[in-house]
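Participant: Handing you a structure now.
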There are 2 protein chains.
Amino acid sequence: MKLVSPGEAAANTNDIPVEAGEEFVRIGEMAKKYGVTLRTLRFYEDKGLLNPHRDGSTRLYTRRDKARLKLILLGRKVGFSLRDVKQMMDLYDPTGTNTKQLRLALDKSEKQLARLQKQRALIDDAINELSTSMTAVRQMLVERTAAPQASAAG
Amino acid sequence: MKLVSPGEAAANTNDIPVEAGEEFVRIGEMAKKYGVTLRTLRFYEDKGLLNPHRDGSTRLYTRRDKARLKLILLGRKVGFSLRDVKQMMDLYDPTGTNTKQLRLALDKSEKQLARLQKQRALIDDAINELSTSMTAVRQMLVERTAAPQASAAG
DNA sequence: TATAGAATTGACGTAAACGTAAAAGGTGCG
DNA sequence: CGCACCTTTTACGTTTACGTCAATTCTATA
């Protein structure tokens with residue numbers, strides 16, 4: 001198999017033909033490239049989100065896997081569970097229009113958007129409450145820290 | 001022990017004196033009053049956040065416990081962990097100025113505020129990314145759904 | 001060939017805040 | 001008396017996305 005040697009990218013001292021620029025990457029490089037751990041890549045595979053080729057027991061990731069990983073990371077970023085991401089990706093059919101997939105994605109996205117907006121509202125609430133109580137605490141602190149010698153007014 | 005009978009609040013058919021309006025409430029009422037479950041109250045106690053009196057094995061909550069619970073719920077609302085809440089509450093000393101407690105609370109609050117602001121930024125990012133990709137998906141859908149008979153412009 | 005650096009599978013651990021039985025004791029009421 | 005209802009303790013289960021060994025194997029390189 002043709003591998004991209006770590007660090008450089010064109011050693012190609014191996015035997016298998018290059019075949020239309022199909023580049024295989026091992027798990028270490030893949031992880032570095034996308035800022036995830038090896039564990040994460042294996043975990044995603046275990047969950048059926050990735051399906052790299054194998055050279056013996058060694059995982060080899062292609063362009064396709066990279067695209068899928070990008071989608072996973074995007075999904076994760078916008079707050080989808082891996083389960084959701086998988087559901088959506090499982091509907092992908094390279095031979096069709098993927099209307100069903102797109103509709104599902106849109107549906108899930110709308111719900112997720114609503115969740116995110118709720119979350120933001122909650123966080124805004126929290127920020128306000130926290131700010132308020134911080135003000136109160138600061139006030140108590142100045143009252144208790146202020147030189148108490150001239151405090152008795154009666 | 002004087003109990004507030006469920007539903008009503010002044011039966012007082014028991015023996016122990018009323019003693020300055022100290023009202024004891026059992027776990028069920030306490031839970032209803034603050035919108036938490038029995039499990040939650042026991043859990044908080046197990047974690048050292050609450051310390052209700054006992055009548056035999058029955059928990060009896062006083063005004064003090066209610067105040068503590070309110071603090072816990074406020075802490076939870078602004079995103080503190082129960083561990084943090086406990087740390088802060090443990091510093092409470094009814095005989096002192098509680099300067100240390102207030103300082104700790106302020107310190108933790110500042111950090112929590114920063115976390116909340118970061119979270120909000122992340123959520124805003126997520127909302128933006130999600131909105132963007134939803135637009136793209138909608139676009140793909142119209143392209144694929146639009147009657148394809150007159151699509152060839154060149 | 002020795003050693004270091006990848007890679008593999010397997011499997012338990014983690015965090016947080018409870019949920020959810022299960023089995024049993026106490027209480028008031030008709 | 002029996003039933004409903006409240007309460008108790010004990011203890012395992014849940015959720016999500018990995019972290020962290022452990023033991024082993026493979027490969028490349030000096």
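Participant: From the phi angles alone, apply the Karplus equation (6.51, -1.76, 1.60; θ = phi - 60°) to region A:57-62 and give each ³J(HN,Hα) in whole Hz, x where the residue is Gly or Pro.
Facilitator: 9, 7, 6, 10, 9, 10
Participant: Sticking with this one: Shortest first, in nm, what separates the label point of B:A114 from those of the same position in the other copies (7 Å along Cα→Cβ)?
Facilitator: Computed spacing set for this position: 3.7 nm.
Participant: Note the count of lysine pairs whose C-alpha atoms are less than 17 angstrom apart in region A:68-154, limited to pairs 8 or more residues apart or on different chains.
Facilitator: 11
Participant: Which distances, shortest first and in nm, link B:D90 to the matching position in the other copies, using label points set 7 Å out along Cα to C-beta?
Facilitator: Result, one decimal in nm: 4.6.
Participant: While we're here: Determine, for each peptide in A:75-82, B:45-52, the mean count of other beta carbons within 10 angstrom over its residues, then list the peptides with the highest first.
Facilitator: The packing order, highest mean first, is A:75-82, B:45-52.
Participant: Label-to-label distances across copies for A:L73, with labels 7 Å out along Cα→Cβ, in nm, shortest first?
Facilitator: 4.3
Taken together, the values in this text are just the output of simple stated rules run on the coordinates, not laboratory data. Because the structure is a prediction, the values reported are computed rather than measured. For neighbour counting, all protein chains shown are included, and Cβ atoms are generated from backbone atoms with ideal geometry for every residue, glycine included.
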